[in-house]
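As structure tokens, the structure follows; a few thoughts come after it.
The values are calculated or read from the model by the stated rules, or taken from the named source; none is laboratory data. These numbers were taken from a predicted model, which means no experiment stands behind them. No Cβ is skipped: glycine too gets one built from the backbone with ideal geometry, and neighbour counts run over all protein chains shown. For the accessible areas, the whole protein counts, side chains as well, though only heavy atoms, and no ligand, DNA or RNA atoms are used. Shrake-Rupley method; radii C 1.70, N 1.55, O 1.52, S 1.80 Å.
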Amino acid sequence: MAEKKKILRALAGEVLDTPPIWMMRQAGRYLPEYRATRAQAGDFLSLCYNSELAAEVTLQPIRRYKFDAAILFADILLLPQALGADLWFITGEGPRLSTITEDIDFAKLGNIEDIHETLSPVYETVRIVSKELPKETTLIGFAGAPWTVATYMIAGQGTPDQGPAHKLKAENRVLFNKLIDTLTVSTIEYLSRQVDAGAEVVKIFDSWAGSLKGEDFIEFALEPAKRITQEMKARFPHLPVIAFPREANDKYIGFGKATGADCVAVDNSVSPEWVAEHLQPDGCVQGNLKSSHMVTGGQKLIDETKRVVQALRNGPHIFNLGHGITPDADPENVQLMIDTVRST
Ligand code: CP3
């Protein structure tokens, strides 16, 4: 039998001599080969829906760096599009969607059963990548968490404080709950198809979890993550789940246990020493080098990379950045980070 993949071993709670590594947004604009394939596709969304080219960009960082995991190339906003929202990207600005502010906007969305028609190219990407990956590399599928996806669907774009979503939550709770529920159920169906197609791990990205306070955090970040995780594990008993309630701060504590997630990914608003003390006793953690080091490089990159590895070396750990790598990053700094992790 082939030796179990390093990422899967860490997710199962094993402490490895060297942590496995991958990087959020590892297929992205900092890589010249990504920019070339994106130009070939035409634009970002065309790239997401072109299975051959999406598989190609998924594999590019694996070829260049031999990361321990590949993450499916897609976007968290494809699900709202499959549910019937309009979606487009403005270069240099980000995503735009039709908004949801009243019951009539929600009523215009389609049926959950119909999402797969739009999303089938994504499943095909997973099938292609899973055939072409080196045998030691793990394939991660993903979706946005209901709250984070809802913030974009309500506002129609990214917002600094998720104000429109908080407003709808306060003013029309029935509608807000219906939207969260629809997203929770459709996310389970979306992730299940990714697993059927060959994803070996799934990650739930809750990029705006940090703006939910008190009871709201429990109701709209923790509970949906728990429902998704538990249903995925009921359907696929051995499937590892990574949860990323970004900027949850002290609410990271116990998040893995409460949701059933095998691993909690952490951003860099918490220190690796704090993570070792408060989260690692419960299981695997993923993170959390500041992504700006991929721009600035040098001795500081080496020192901070070593600090993360050393702080988290006594428990299960997957090395990653605290958030996605940015387009201005230097590809050579990524190699320096990897070499540092593998020699610390
Ligand atoms: O990590 C990966 O490499 C896998 C692919 C992936 C993308 N987006 C590709 C992408 C994943 C996992 C995402 C998740 C995603 N998308 C999140 C959650 C994680 C996070 O970053 O907080 C969010 C909030 C989105 C929504 C989104 N997509 C925004 C706000 C933007 C614009 C910002 C930007 O970086 O341009 C995107 C675009 C996007 N998604 C790009 C990529 C590679 C850049 C698009 C391009 O090539 O022009």
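Do you know which residues across segment 142-159 are within 12 Å of the ligand (Cβ to nearest atom) and either part of a loop (DSSP other than H, G, I, E, B) or more than 15 Å from S186 (Cα to Cα) (or both)?
Matches in segment 142-159: A145, T151, Y152, A155, Q157, G158, T159.
Filter segment 201-219 for residues that are of a type outside the set (D, E, K, R) and out of contact with any Asp or Glu (no Cβ under 9 Å at 6 or more places or on another chain) and give the result.
Selection gives V202, I204, F205, G214, F217, I218.
Kindly evaluate A41 against the criterion of being open to solvent by 10 Å² or more (accessible area, probe 1.4 Å), over 25 Å from W147 (Cα atoms), within 10 Å of the ligand (Cβ to nearest atom) and of a type in the set (A, V, I, L, M).
Answer is yes for this residue.
For the condition open to solvent by 20 Å² or more (accessible area, probe 1.4 Å), within 12 Å of the ligand (Cβ to nearest atom) and without any contact (Cβ under 8 Å) to a residue 60 or more places away in the chain, what is the one hit in I90, I104?
I90
With the condition kept exactly as written, say whether any residue in segment 47-55 is open to solvent by 30 Å² or more (accessible area, probe 1.4 Å) and assigned to a helix (DSSP H, G or I).
Among the residues of segment 47-55, at least one is open to solvent by 30 Å² or more (accessible area, probe 1.4 Å) and assigned to a helix (DSSP H, G or I), which makes the answer yes.
Restricting to segment 243-266, count the residues that are open to solvent by less than 20 Å² (accessible area, probe 1.4 Å), in contact with a Phe, Trp or Tyr (Cβ under 8 Å, 6 or more places away or on another chain) and either part of a loop (DSSP other than H, G, I, E, B) or more than 24 Å from E304 (Cα to Cα) (or both).
Of the residues in that region, 3 qualify.
What do you reckon, is I104 part of a loop (DSSP other than H, G, I, E, B) and among the hydrophobic types (A, V, I, L, M, F, W, C)?
Against the criterion (part of a loop (DSSP other than H, G, I, E, B) and among the hydrophobic types (A, V, I, L, M, F, W, C)), I104 does not qualify.
When the residues of segment 107-127 are filtered to those that are part of a helix (DSSP H, G or I) and among the small types (G, A, S), which remaining residue is least open to solvent (accessible area, probe 1.4 Å)?
S120
Being away from the ligand (no atom under 16 Å from the Cβ) and within 28 Å of P164 (Cα to Cα) is the filter; apply it to segment 221-242 and report the residue that is surrounded by the fewest Cβ atoms within 10 Å (Cβ to Cβ).
Among those residues, the one meeting the criterion is E223.
Return the total of residues in segment 16-46 being in a loop (DSSP other than H, G, I, E, B), out of contact with any His (no Cβ under 9 Å at 6 or more places or on another chain) and more than 18 Å from N333 (Cα to Cα).
Residues in segment 16-46 being in a loop (DSSP other than H, G, I, E, B), out of contact with any His (no Cβ under 9 Å at 6 or more places or on another chain) and more than 18 Å from N333 (Cα to Cα): 4 in total.
Which one is farthest from the chain's Cα centre (by Cα), of the residues in segment 270-309 that are open to solvent by 60 Å² or more (accessible area, probe 1.4 Å) and of a type in the set (S, T, N, Q)?
Ranking the qualifying residues of segment 270-309, first place goes to Q299.
Hey, V201 hits all of (1) in contact with a helix residue (DSSP H, G or I) (Cβ under 8 Å, 6 or more places away or on another chain); (2) over 19 Å from A243 (Cβ atoms) but one; which does it fall short on?
Of everything listed in (1) in contact with a helix residue (DSSP H, G or I) (Cβ under 8 Å, 6 or more places away or on another chain); (2) over 19 Å from A243 (Cβ atoms), V201 misses just condition (2).
Does A197 fit the bill of being surrounded by fewer than 21 Cβ atoms within 10 Å (Cβ to Cβ) and under 24 Å from R307 (Cα atoms)?
So A197 does not fit the description; no.
If you check every pair at least six apart or on different chains, which have Cβ atoms under 7 Å apart with a residue in segment 303-320 that is part of a strand (DSSP E or B) first and a residue that is among the small types (G, A, S) second?
H317/A10; I318/A10; N320/A265; N320/G287
Within segment 13-29, identify whether any single residue is within 10 Å of the ligand (Cβ to nearest atom) and among the basic types (K, R), and answer yes or no.
Within segment 13-29 (the criterion being within 10 Å of the ligand (Cβ to nearest atom) and among the basic types (K, R)), the answer is yes, since at least one residue qualifies.
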